[in-house]
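The values are calculated or read from the model by the stated rules, or taken from the named source; none is laboratory data. Only a predicted model underlies this, so the values are computations on that prediction, with no experimental measurement involved. All accessible areas refer to the heavy atoms of the entire protein, side chains included, with ligands and DNA or RNA removed. Shrake-Rupley method; radii C 1.70, N 1.55, O 1.52, S 1.80 Å.
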Amino acid sequence: IPIEIRNQIYEYLLVNPDLCSPEIFPSSSFHKQIDRYYLSPSILGTCRQISDEATPILYERNTFIVGFNRDCRSYSPISRIEAQIYGSTDFFQHPGFEKVKHWKVILSANEEKGFEAPIYHFVTFCRAISDNFPRSLKVWIMPKGYSWVTEARFRRYYDVTTVLQPLSLLRNISEIHLGELPINELSTFQPARPQSASSPHDFPTHWLENMKALVKSDKPLARVWEMYQKLLNYAQSFERNDQFRENMEPIWGSGTCYAKRKAKGASWSWRTWNREMGDLDQPENPFFLSPAHPVEEGLLLGSFGSENNDIESFLNARATVLGYLGPQYQRIANASLQLAEFVKAEKKQGGALFGPSLLENHEVEPRCTRALLLLEDYAQSFVRDVPLATRINIRKRQAKFDCAYAFLERETLLKRLSSILVNDNFKITGSDKFFELFKLAVDNMDKQYLMIRKTRKELFDCDDDTYERVIDPELWKCDEMVNW
């Protein structure tokens, strides 16, 4: 069959104009599964030749619609999944996502309590397609008076320029259309105020023209969100408690919220924070209590730069975080070196820690004591630096704070090692058990140190050459676990 005929067959099987129509959205509920889109993608699995020929037709001749709800849900036929919960990246990791060349996006400008503009998933969408360079993009905003939600009542709306601001992350898109969703495509959506006619949004002409010109241009783009993720990874590698480490990653909008409160000089508390972020059940975190720990505060301000792609705000926040973590990093590196040198010396001398030893118990025990002291120094170097204000917040909750670390593997191993060297337990248990636990403890700390080293090396991977590297990532260092 000639290629021209094959292409016509592929189009019959893989192209559907309805994929860009809002009619494909469920009208009665936002959570129903669409059964089929009258496509036959199974032909792509017939053979490699057909897959190579037909895949571009599926993803380049269809326009795929995607709708972003204000409550951080998204819907698109590309994934056949309607509800995408906040923080989920499944939609953007779909294998077909990066192949799509024509998108149509539906947004709402309705102002709802607890949700900031721009919409989280629309920002993530723009970040994702900034790598894929689609050929065309249409972005429609629902008219005032319409909503995804039945019986909703909206009297306030975000400014169009705020809702569409994430488009500034896009480049090299040859065809861009921005405006209000046409009236003939509104049947799927719910009239929030049936009694009143929908009124148009204000689309500033000058702003629209500038945005379209920017999206079509090849102007360099600072990918602040990727730079921020590298910083976050590095900062989190210093924290061992799962909850505290998870809290270091701000949820969407929190950086902007914190920056606004800080600019106004407003008071800050963990309770106020959770109320504004809608997470009332979050356990209290002393690193975020007012005033916040410098690293946590720096990450919040860095998040503001990431959310708004503000490179200057981010660079200032990053310098603060790296400056505060610098002294602790040096202590960890020095403690690791001292312990490694001790281990090497023992190995060279055929000492008590490695293999058969001719030493008596009374000669082995002092060496084990020295090994434990070096190990405890290594462990202490991982304890985070805290300013006086944070120390006060921790002291008020000392019992709970201690429990956050007391039962981790490292603390358990150190307690068991210490117990062996007291009350003549060493004579009972012997050196073998001590050496076994010692090796496990060293490996545990080395794993964290190597993670710190790995994330430190990656800190500036997403930077432009024009940005100053405020620390030396020490790429020359050889990082490895102890070869026991």
List the residues, sorted by chain then number, that are 5 or more residues from residue 176 or on another chain and whose placed amide H is less than 5 Å from its amide H.
137
Which value, in Å² rounded to 10, gives the accessible area of residue 201 with a 1.4 Å probe and all protein chains present?
20
Under 20 Å Cα-Cα from residue 99, which lysines qualify once same-chain neighbours fewer than 8 residues away are excluded?
138, 216
Working with all protein chains in place, sort 146, 378, 12 by solvent-accessible area computed with a 1.4 Å probe, largest first.
12, 146, 378
For 4, 239, 11, give me the order by solvent-accessible area with a 1.4 Å probe, most accessible first, ignoring ligands, DNA and RNA.
4, 11, 239
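When the solvent-accessible surface of protein heavy atoms is calculated with a 1.4 angstrom probe, in what order do 251, 57, 43 fall, highest first?
On the way: 251 65, 57 5, 43 30 Å².
Greatest to least solvent exposure: 251, 43, 57.
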Scan around residue 147 for amide H atoms under 5 Å from its own, H built in the peptide plane at 1.01 Å from N, and keep only partners 5 or more places away or cross-chain.
190, 192
With θ set to phi - 60° and the Karplus curve 6.51 cos²θ - 1.76 cosθ + 1.60, what are the ³J(HN,Hα) couplings of region 160-175 in order, to the nearest whole Hz, using x for Gly and Pro?
4, 5, 6, 4, 8, 4, x, 4, 5, 7, 9, 9, 6, 9, 6, 10
Between region 114-143 and region 446-461, how many Å separate their Cα centres?
32
Other-chain or far-sequence residues with amide H under 5 Å of residue 105's (modelled H):
66, 138, 139, 140
